[in-house]
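The values are calculated or read from the model by the stated rules, or taken from the named source; none is laboratory data. Just so you know, these numbers come straight off a predicted model, no measurement behind them. Positions of Cβ are generated from backbone atoms using ideal geometry, with glycine treated the same way; all protein chains shown enter the neighbour counts. We work out accessible area using only protein heavy atoms, side chains counted, and drop any ligands, DNA or RNA first. Shrake-Rupley method; radii C 1.70, N 1.55, O 1.52, S 1.80 Å.
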Amino acid sequence: MLNILRLLGLAALCVGCVSCSSTKLANAKRINGVKTTAYTHSESDHRKYGAKAATGEPLKYGKVRSAATDWSVYPVGTVFKIEGEPYLYEVDDYGSALVGTNTIDLYKPSKAAMNQWGAKQVNISVLKWGSFNKSVEIMKPRMKYPHIQQMVKRIERSS
């Protein structure tokens, strides 16, 4: 009897977790036709940073994966899911080629994986919007770079 009660309790807990997850997805903002590309830490323009994101944290490639964007479009900390994929992506990086575009660059651990992704139009669901204030806080000390200046100006104009 005790085992049955435990199983019932566990089942109730699982149902609660599933309903919380589906509620999050139901409240997500869907964006169709987002251009995505891929990058890796061993590319020549990323080697000096190693496997670190613009936040200073290691680039992620697990259940949650790193993504680079124009932080004036998708601010640092934005979490999204690509339709049809089981992973979550978190914006923790940026790239000069992304500024002024709506492109999201997905981190891949190797050049082969990067090349396999190529460029794709995808639908995403934004589960959590990041912080423009945190984006500016991270970028302010780096204002000598034109792409940083451009992102900060766009954020400050829209505030």
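Which residue out of GLU137, GLU85, GLU156, GLU90 is exposed (fewer than 14 other Cβ atoms within 10 Å of the Cβ) and either in contact with a Gly (Cβ under 7 Å, 6 or more places away or on another chain) or within 20 Å of THR40 (Cα to Cα) (or both)? Reasoning before the result, please.
Numbers: GLU137 fails: either in contact with a Gly (Cβ under 7 Å, 6 or more places away or on another chain) or within 20 Å of THR40 (Cα to Cα) (or both); GLU156 fails: either in contact with a Gly (Cβ under 7 Å, 6 or more places away or on another chain) or within 20 Å of THR40 (Cα to Cα) (or both); GLU90 fails: exposed (fewer than 14 other Cβ atoms within 10 Å of the Cβ).
Answer to the check: GLU85.
Residue check, GLN149 against (1) more than 14 Å from the chain's Cα centre (by Cα); (2) modelled with pLDDT under 95, all met but one. Which one? Looking at each condition in turn, GLN149 falls short on (2). One residue stands out among those in segment 113-140 that are in contact (Cβ under 8 Å) with a residue 60 or more places away in the chain and among the β-branched types (Val, Ile, Thr): the one that is nearest to VAL91 (Cα to Cα), which is VAL126. Exactly one residue out of LYS120, LYS52 is open to solvent by 70 Å² or more (accessible area, probe 1.4 Å) and under 22 Å from ILE148 (Cα atoms), and it is LYS52. Remark: pairs (first residue in segment 141-157, more than 10 Å from SER72 (Cβ to Cβ); second residue of a type in the set (D, E, K, R) and open to solvent by 60 Å² or more (accessible area, probe 1.4 Å); Cβ separation under 9 Å; 6+ apart in sequence or on different chains) = ILE148/LYS140; ILE148/ARG142.
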